[in-house]
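Here the structure is laid out as structure tokens; the discussion comes afterwards.
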Amino acid sequence: MFNFIKQIKGEISSNFNHFLGISILSIYPIAFFLGTGIVNLCVILINLIFLFDIFKKKKFSFFNKDIFYYLCGLWLIFLFNLVFSIDFQNSLGRAFGFVRYIIFVMALIYYLNINNQRYQKIILTSWSFIFFIVSIDLIYEFISGKNLLGFTSYIPGRLAGFFNDELKIGHFYFGFCLIVLSFLLNSEFIRQKYLIKIKINQKNFIFFCALVITLISFLIGERSNFIKTLFVVLLFIFFTRILINKKNFFFLCGLIIIIFSTINYNDDYKKRFLNQMLVPIIENPILYVSNLNYFDHYRFGIKIFLENKINGVGLKNYRIESSNQAKYTKHNWINSSIHPHQVHIEILSELGIVGYLSFIIFFTLSLLNFKKNINSKNRNFKLAGLFFIISTFLPLIPSGSFFTSHAATIFWMNYAFMNFSNEEI
């Protein structure tokens with residue numbers, strides 16, 4: 001920690017613009033606990049400082065990257081979609097506002113690379129420390145019933161964490177977990193300073209951390225985010241070649257025992273994970289999906305898409321269209337909602353076939369770019385970003401709105417890591 005403070009002091013004297021940028025980025029995860037407005041403020045400040053630095057040093061060539069053009073292309077689709085929006089004013093802010101994520105992706109890649117990637121260590125050390133505090137807080141809440149700030153969840157079998165009554169800590173945890181694991185796996189400093197001294201193999205340590213993260217994700221109680229976290233952790237372990245040896249096998253058995261013991265002896269977790277999910281899936285998976293509370297949202301979203309196949313109803317207009325009583329109440333479906341709770345259906349209903357195909361083209365091009373640079377020394381970070389994006393688009397699994405500030409900022413952050421490559425800046 002003292003070395004970390006020394007590095008920060010050094011930045012103040014050498015380059016104040018860089019100091020501001022890395023300082024805001026270093027505390028950026030905390031913004032999510034303070035509200036959407038603070039998240040957007042952080043992103044805007046980072047973008048402005050980044051652009052000021054680019055213009056001051058005339059590093060315009062930094063934007064000459066494939067991913068910048070891909071992002072701009074996607075933005076043009078959003079702007080084009082405004083023409084067909086059922087409520088132009090309602091879609092305008094979200095469509096134009098996407099530019100902040102284009103700049104944010106570029107800014108994050110920029111700050112992780114400059115100064116021979118020394119800023120990367122500062123930023124990710126801070127993120128890992130915040131993630132560690134969040135993890136401790138969630139364990140404390142599970143044991144005591146309230147978190148370190150006294151927040152409690154209003155839903156039995158769910159943890160609130162620092163989000164209090166918003167109950168979206170699961171998505172935050174899912175969004176940052178692989179980035180933290182990648183940093184721990186890549187960090188020569190942690191290996192030399194701590195792990196060698198106590199004679200712990202670095203990959204065994206990462207495997208143990210991955211299991212703890214999976215356990216905490218389970219304890220949070222958000223089933224869809226737990227499934228996604230489990231999915232990405234398994235992928236990460238496999239592709240980073242963290243093999244299961246005898247010691248790791250005992251850790252894995254311990255995790256399985258803890259999870260099943262929690263389900264067996266805690267009525268709230270038994271109800272959420274066993275009675276409401278595992279048993280119905282085993283008995284009849286098709287019936288389980290059709291009986292989901294979210295299934296009516298899915299049907300509603302599909303109905304809206306079928307009514308507006310080509311261009312959808314426009315960004316942020318699902319909430320308006322779904323409240324159209326004349327069209328939809330005759331079907332005895334649910335009341336209006338702000339989104340259909342499934343990312344594919346949300347894109348189809350708001351952007352139509354044109355928007356959906358644009359996303360497919362965008363991610364295909366991004367994957368080709370990823371494949372081209374996969375052998376860089378930042379391979380683990382790139383895999384972390386890729387696995388998050390793949391899991392975000394898993395079919396059928398319920399999700400929050402893809403386009404809201406909370407979800408979008410975490411998504412495009414991971415997209416930046418997926419496209420992270422070494423370069424001289």
What list of whole percents do you get for P(r) of segment 82-193, with Cα-Cα distances grouped in 10 Å bins up to the one holding the largest distance? 12, 27, 25, 25, 9, 1
Whole-Hz ³J(HN,Hα) for each residue in segment 93-100, computed from phi via Karplus 6.51 cos²θ - 1.76 cosθ + 1.60 with θ = phi - 60°, x for glycine and proline: what do you get? x, 5, 5, 5, x, 4, 4, 5
Whole-percent tail of the Cα-Cα distance distribution for the chain, cut at 34 Å, equals 34 percent
Only loop residues by DSSP count here, and only those with at most 16 other Cβ atoms within 10 Å; note down the GluC sites (Glu not before Pro) in segment 345-425 that meet that. 423, 424
Can you give the helix-only mean residue ellipticity at 222 nm for the chain, where every DSSP H stretch with n ≥ 4 adds -39500 (n - 2.57) and the sum goes over all residues, rounded to the nearest 500 deg cm²/dmol? -22000 deg cm²/dmol
Gained length - residue 253 relative to residue 266, 0.36 nm times residue gap less alpha-carbon distance: 2.7 nm
Cα-Cα longer than 20 Å, checked against 58/372; 57/377; 121/377, kept in input order, equals 58/372; 57/377
Taking 0.36 nm per residue of sequence separation and subtracting the Cα-Cα distance, how much length would be gained by fully extending the chain between residue 323 and residue 56, in nm to one decimal? 91.2 nm
Based on the Cβ-Cβ distance of residue 275 and residue 152, what FRET efficiency does E = 1/(1 + (r/R0)^6) give at R0 = 22 Å, to the nearest 0.05? 0.45
Just to be sure I follow: if Rg is taken over the C-alpha atoms of segment 84-135 and Rh is the Kirkwood radius over the same atoms, what is Rg/Rh? 1.26
Check each of the trypsin sites (Lys or Arg not before Pro) in segment 124-183 and keep only those in coil by DSSP with at most 14 other C-beta atoms within 10 angstrom; list them in order. 146
I want to check the label-to-label distance for residue 353 and residue 371. Put each point 7 Å from Cα in the C-beta direction and report it in nm to one decimal. 2.7 nm
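Computed from the coordinates by the stated procedures, all read-outs in this text should not be read as laboratory data. Just so it is clear, the model here is predicted, and its values are computed rather than measured. Using ideal geometry, Cβ is built from the backbone for each residue, glycine included, and neighbour counts are taken over all protein chains shown.
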